[in-house]
Every structure is written in structure tokens, then in C-alpha cells.
Amino acid sequence: MGDVKARIDELREEIKRHNDLYYTKGKPIVSDAEYDKRLKELKKLEKEHPEYASSDSPTQKVGAPVPVRDKFKKVKHTSPMLSLDSINEEEEFDKFDKTCKKELEVEAIEYLLEPKLDGLSVEIVYEKGEFARASTRGDGLIGEDVTENVKTIKTLPKKLKGDKVPDMLALRGEVMMHISAFQRLNKKQIELGEEPFANPRNAAAGSLRQLDVAITSGRELDVYVYQILAISGKLPDTQKGSVDLIKGLGLKTAPDVRCLNLTDDVIKYHRDMEKRRDSLDYEIDGVVIKVDRVDFQNRLGMRTTSPKWAVAYKFEARKEMTRVDDIAVQVGRTGILTPVALLQPVDVGGVTVSRASLHNMDEVDRLGVMIGDQVRIERAGDVIPKVIEVIKDKRTGAEREFKMPEVCPSCGTKLVKEDVFYRCPAGFACRAQIREAITHFVSKGAFDIEGFSEKTAEQLLENGLIEDVAGIYKLEANDLMTLDGWKQKKTENILNAIEKAKNVTLDRFIYALGIRNVGSHISALLAEKFTSLEKFMQSKEEELMEIKEIGPEIAESITSFFEEKNNRNVIQKLIAHGVKIKKYEKAAGKLEGKKFVFTGTLSAMSRGEAEKRIESMGGEAQSNVTKDTDYVVVGENPGSKATDAQKKDIKILREAEFLKLLSS
Ligand code: IVH
């Protein structure tokens, strides 16, 4: 139970932080899809555990809290500005549709569809036909007064037209910036030596929330209206009726509005809009589906923060185009060199991407990528950003070919070619390899030293405080405190974490050594067979190959690792500094018959290793979530399998929980 509460707290904190970054600072660091995933998980947990309900939870509020240190006056909205539940898949729409029909006891429902404009939600109030005030959404109940700013938007009528103007009309719409205007603005920003905006949404937000109205006025903002929040007199019977009324009064309404009643047509509309997305001059990130009849809307009612009669059906992660500024080579733990494309930073679905792995020289050749090329990159759910193609038509002739260096960029040793890889053979004489070895040693599946990052390793090496992994156990507070950015608290935390991580099981110890080809699964098999470090260190190739999964290549990696005197020394030092090795308990059979699905990237081991680990414990890895799946293990940037698991009510394990399960 404690775990659930802890997860709820963690999600609440995280979501609040992202709300602040998105709404207040205008600088989101996760994509909408990732944000939605967290919100969904929180909602589910809160539903399952009403005992942990809290009015302070972000699920009970819409959007951002109104900043305390307010620059703008606060305004109470005429009626709450709700948010929308979002869905990502056809089946989810199907479920939404079926639930509505069941609730309303009808066979068919007319839906109103609109593109989901990616801007900022505002309330605009007209009194006696005249523009009276405007406010941001804020927390849904109270927003910030941006009347003077909105007044500068040229496309917004200051006086409603026609002869049926209501006495009071409160509207909801989206303030946004067209892509062409965004590009003009960024060009200007760069000329003025100012930071360009990451995307049109941020540009719109930054332009609207200006205390100096003259700045807003110089920016080309636009506003589309899609909802009546309050009206004197009668509200139209349908959503479409509202849209027509709004349009008739001279306001801009969302483009491409449709009324459809077949689920297939709704799905087709979503698909068509997604296809057209790149050709539009404004950003959309999905379509909004609303039950058209207002009496139906009222019967369906609402949840705390969102109506039950509408849903946002989001689009897939985006592909973006950017330029390869350079190709760098990165030296890995085992000396393998990976070419990495250094990209002109680009926003892909709300996340700034500036690097993409090119894997190896074969991949560079296959893509035909050159320095200076325009490339298309993709950030799909499960993977690290990837270069998918080179746009050769955009070449100017100034592109340069990339060549693998002949010597290691870190230590200058001549590289050797092995299969498709180039490798620096210097081992621990190469600083980059030591840094990576240390980073691996402290990682989750190994010694698991909390708060010790790659940056920490680099800083310690640079300042000569450490020479190898054993040096971790000799670090002293006085030395650490001399480092840039290291204060007492940080120093204490790291030293405590190091002390705490002195006892490890044999399998983790073996894995931490970072022997080539020996991942966590093979480490477990070795620990099981040899039971002690001494026996393992003395093992011969033939003995090693008695393990079914170990062939000559792995066996050779192991024996040559121990032939290296330096490696033996490091192990001796670790033991001398107080590292204790606990016996490895055979875990086979512990997961007998359990079925696992993996999604996202695990940090402690590769997907393949994780699968082997569970198989060695009697479990089974599946490629898709089925009704028989027992666990879905969720790493960084998970794909739709995670949502699938939630829908099917299958136990979700985060990486830490999964590792606990493996080692318990
Ligand atoms: S309707 C109760 N329609 O999407 C219905 N919202 O997460 C409230 N949005 O905050 C919203 N285009 O800023 C609606 N055609 C559209 C929209 C739209 C964009 C935004 C809006 C809202 C968010 C929903």
C-alpha cells in the first residue's frame, strides 16, 4: 500500500512541476503524450484508492495555479474552464462512443469535430456587444486579466455584428500564432540577438502574457473561438448551433468543423487531419470530439475537471526536420566508438532534441548522411531520437563527408576495426572508457549509487580525485567540497549513498565490472555457477562454456579481462576498501509461468537482457499485451503498450520495481 501512496505523491509532484513549466514558464520539458500518460496513471490510482484523495491533487485542478507573485490582475471566469480527457487510439474512441451511447440509451450520436489548436485557452467576454475583458485559463476558475493584450489582436472584433447580439456573452477560444508569423517573429528575434521561441505555442504564450502591451501589439496573434461559456438568453441546442452563432457574430471559429455520426467517419476525420497536419499554417496536436446535442451533454455531465461529453483524440509523435551541425564520436565503456549527430536543436512534440545516435559507420553509410545535411528525425514512444532520412534535395554543396577518426578522440590511441565497429583498445588507459566504466559501475543494475551521474564521474576524473572505480570508495568530504557546485549537503548525500552501496550480491558485482559481452543476465548465470568471486576469477574457458548461453566469444572476454593485471588490482582495491560480496541466491522458478511485456527503454539493462533474466527465472517475454499478460514493465519513453496495460488493468512495473522483483 505504501508503494501506491508513494507513487501517487510522486506523480502529483511531477505533474505539478510540469504544469508550472508548461503554463507558467512556457517551457515544457516533456511531450503532451508523456504528460497525459502520467495524468492517466494518477487518475487511475486515485480512483482505485479513494482513501488517498486530496483536494490538492492536480487531478482536481485544471492547468496552472494562478501565480502568487502576480503581474496580472485576477479574474474569475463566468463558468469553469474545463480541460479535456485525451485519448491516443482508435479503440479508446470506440470505448468513449460506446460509453456515451450506453449512458444515453441511444443507437447513434452526432459528434462535432474540430482540430485541436495548439495555443492558449482564453475567456473573452462581450457586454452589450462590446469587447469587455479577456483572461487566461489559469486554474480553470480564476485566470489572469489579459484584456489589454487581447484587445491588440487585430482579427478579434471589438464589437459584435448582426442584430441578434446577446446582452452578455462569454466565449472560450484559443489564442495562437500562425507558423508563418512565428517564423517571421523568430527571424526578428535572431536579428535582435534575442532568444528565438521553441515553437508557435510558446511564442503565442510569450506574446500574450506581456505587461508591456506594445510588445503584444507588435506580434501577429490570432484567436479562434469554439465554445460558449455563458450567454444571456438561450444557449443554442447544439454545439454546431453555438459555432454558427459565434461565426454569425463576426468571430473566427475553428476551421474544418464537421458533424459526423458514424464512428468510422470520426476515425477517418482524425486520420485525414493528421495527414494534412504538415500542410497547415497552424499547429494542431489532435482533434476534439464533442457530443453535439446540448441536452445529451447535460445528461452525460462532467467529472471534476473535464466533461464526459468531449474528448481530445491526439496525434502520433511527430517527425521533424533539422540540420546536422556536426557528427561527433562518443567512446563507450568497452571502447566502441559511436557516431552521434549533433543537431540544430528542434522541438519534437514538446521536447527539444539536439542529438541522435547514428549507431555505427554502416548506418552512416546506409543513410548517406553528411555534416550539414537536412535530416528528418523521429522521436517515437519507445526509442531515443533517430535520424530516419536525409533530405538530399536540400543539399547546397557545402555538406562535408564524415570520416571515422583514425585515433581515439579521448586518448589518441590508434583505433582497431572489428566487424562494423571501430574500437579504442586502450581500456583503462583511456579516460573516456574509465568515465564510462565508472558510470556503469554506479548504475542501477550494478552498485546502484544514488545521485552519482556521468557528470559526477567526469568531474572527479577531471580534478584527479579518482582514477578507477575503486577510487569511489576513497573519496573524502574535504576533496569533494573543493569541486565546483559541491556543497555540504550534496557531498554528504553522495558519501552516504556510496557507503550504503558497499554490499552487493555476486551477480551485481560481476555485472558492475563491465566485462565485454557480460550483461546482467550472463552475470547472474556466472554467479549461480561459480558462487564466489575467487572461483569465478580462476575460471577457465572450458568451464565457462559449460554454461549453455556462453560461447567462445563471451568466454574469451572473461578470461582476457582477468588476464589484465590492472583489472585484478582494481578488484583487490575494491575489497580492501570494504566492498562486501553477498552470496547470490538462485532465483530460478521464482517467476514460473509469469508473462512479461516490455515497453520503453530500461536504464539498467537492454531489453534483450531483461527478457533473458526473466526467462532464467521461469518467466516468459511476450511482444504484445494480451489478457494473459501478468506484468508490463515500463521504461523511459514507453509506447502504447503502457496505455494498453492500463486499459486491460494489467500490473505495471516501473524499472525500479522490476529490478526489485529480479533481485528479491
Ligand atoms: S473544447 C469543455 N475545442 O485543448 C471543452 N478545446 O485539453 C473545453 N483546444 O484547454 C475545450 N482546440 O485550450 C476545445 N476545438 C477545441 C480546441 C480546444 C484546442 C484546447 C483548449 C483546451 C485543451 C484541452
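Checking Pro80 against (1) outside any loop (DSSP other than H, G, I, E, B); (2) within 16 Å of the ligand (Cβ to nearest atom): exactly one of these is not met. Which one?
Here Pro80 meets the rest and fails (1).
For segment 501-550, name all the residues that are in contact (Cβ under 8 Å) with a residue 24 or more places away in the chain, under 16 Å from Gln572 (Cβ atoms), of a type outside the set (A, V, I, L, M, F, W, C) and not in a loop (DSSP other than H, G, I, E, B).
Listed by number, the list is empty, since nothing qualifies.
Within segment 250-272, track down each residue that is part of a helix (DSSP H, G or I) and of a type outside the set (S, T, N, Q).
Pass one, segment 250-272, residues part of a helix (DSSP H, G or I): 263-272.
If the condition is that a residue be part of a helix (DSSP H, G or I) and of a type outside the set (S, T, N, Q), then Asp264, Asp265, Val266, Ile267, Lys268, Tyr269, His270, Arg271, Asp272 are the ones that fit.
For Lys37, indicate whether it is modelled with pLDDT under 90, part of a loop (DSSP other than H, G, I, E, B) and either within 16 Å of the ligand (Cβ to nearest atom) or of a type outside the set (Gly, Ala, Ser) (or both). Quick ask: steps written out before the conclusion?
Values: modelled with pLDDT under 90: yes; part of a loop (DSSP other than H, G, I, E, B): no; either within 16 Å of the ligand (Cβ to nearest atom) or of a type outside the set (Gly, Ala, Ser) (or both): yes.
No: the conditions fail for Lys37.
If I filter segment 229-250 for residues that are under 20 Å from Pro80 (Cα atoms), out of contact with any helix residue (DSSP H, G or I) (no Cβ under 7 Å at 6 or more places or on another chain) and without any contact (Cβ under 8 Å) to a residue 12 or more places away in the chain, do I get at least one hit?
yes
Could you pull out every one of the strands (runs of 3 or more DSSP E) wholly within segment 281-338 that has 3 or more residues that are within 16 Å of the ligand (Cβ to nearest atom)?
Numbers: elements: 284-291, 310-314, 319-331.
Here the list reads 284-291, 310-314.
Based on this model, can you work out whether Val175 counts as crowded, with 18+ Cβ neighbours inside 10 Å, in contact with a Ser or Thr (Cβ under 9 Å, 6 or more places away or on another chain), part of a strand (DSSP E or B) and not polar (S, T, N, Q)?
Details: crowded, with 18+ Cβ neighbours inside 10 Å: yes; in contact with a Ser or Thr (Cβ under 9 Å, 6 or more places away or on another chain): yes; part of a strand (DSSP E or B): yes; not polar (S, T, N, Q): yes.
Here the answer is yes, as Val175 does meet what is asked.
Tell me, which residue of segment 608-631 that is surrounded by 16 or more Cβ atoms within 10 Å (Cβ to Cβ) and farther than 11 Å from Lys594 by Cα is modelled with the lowest pLDDT?
Filtering segment 608-631 for residues that are surrounded by 16 or more Cβ atoms within 10 Å (Cβ to Cβ) and farther than 11 Å from Lys594 by Cα, the one modelled with the lowest pLDDT comes out as Ser616.
Considering (1) within 27 Å of Val146 (Cα to Cα); (2) at pLDDT 70 or above, say which one Val66 fails and leave the rest.
Here Val66 meets the rest and fails (2).
Going residue by residue through segment 122-135, is there one that turns out to be within 11 Å of the ligand (Cβ to nearest atom), at pLDDT 95 or above and of a type in the set (Lys, Arg)?
Within segment 122-135, none of the residues are within 11 Å of the ligand (Cβ to nearest atom), at pLDDT 95 or above and of a type in the set (Lys, Arg).
Only one residue in Lys247, Lys275, Lys240 is within 14 Å of the ligand (Cβ to nearest atom), more than 17 Å from Ile124 (Cα to Cα) and either not polar (S, T, N, Q) or not in a strand (DSSP E or B) (or both), so which one is that? Spell out how you get there, then give the answer.
Values: Lys247 fails: more than 17 Å from Ile124 (Cα to Cα); Lys275 fails: within 14 Å of the ligand (Cβ to nearest atom).
Selected residue: Lys240, the only one of Lys247, Lys275, Lys240 that is within 14 Å of the ligand (Cβ to nearest atom), more than 17 Å from Ile124 (Cα to Cα) and either not polar (S, T, N, Q) or not in a strand (DSSP E or B) (or both).
Go through (1) within 28 Å of the chain's Cα centre (by Cα); (2) surrounded by 23 or more Cβ atoms within 10 Å (Cβ to Cβ); (3) more than 25 Å from Arg258 (Cβ to Cβ); (4) in contact (Cβ under 8 Å) with a residue 40 or more places away in the chain one by one and return the number of the condition Val122 breaks.
Going through the list (1) within 28 Å of the chain's Cα centre (by Cα); (2) surrounded by 23 or more Cβ atoms within 10 Å (Cβ to Cβ); (3) more than 25 Å from Arg258 (Cβ to Cβ); (4) in contact (Cβ under 8 Å) with a residue 40 or more places away in the chain, Val122 breaks only (3).
Would you check which residues across segment 352-361 are surrounded by 19 or more Cβ atoms within 10 Å (Cβ to Cβ) and either part of a strand (DSSP E or B) or touching a Cys at 6+ places or on another chain (Cβ under 6 Å) (or both) and list them?
Within segment 352-361, Val353, Ala356 qualify.
Any residue at all in segment 89-111 that's closer than 30 Å to Phe182 by Cα and either within 16 Å of the ligand (Cβ to nearest atom) or touching a His at 6+ places or on another chain (Cβ under 8 Å) (or both)? Break it down into steps so the answer makes sense when it comes.
Start the filter on segment 89-111 by keeping residues that are closer than 30 Å to Phe182 by Cα, which leaves none.
Checked against the condition, which is being closer than 30 Å to Phe182 by Cα and either within 16 Å of the ligand (Cβ to nearest atom) or touching a His at 6+ places or on another chain (Cβ under 8 Å) (or both), segment 89-111 yields no hits at all.
The values are calculated or read from the model by the stated rules, or taken from the named source; none is laboratory data. Bear in mind the structure is a predicted one, so any value in this text is a computation, not a measurement. Ideal geometry is used to build each Cβ from the backbone, glycine not excepted, and the neighbour counts take in all protein chains shown.
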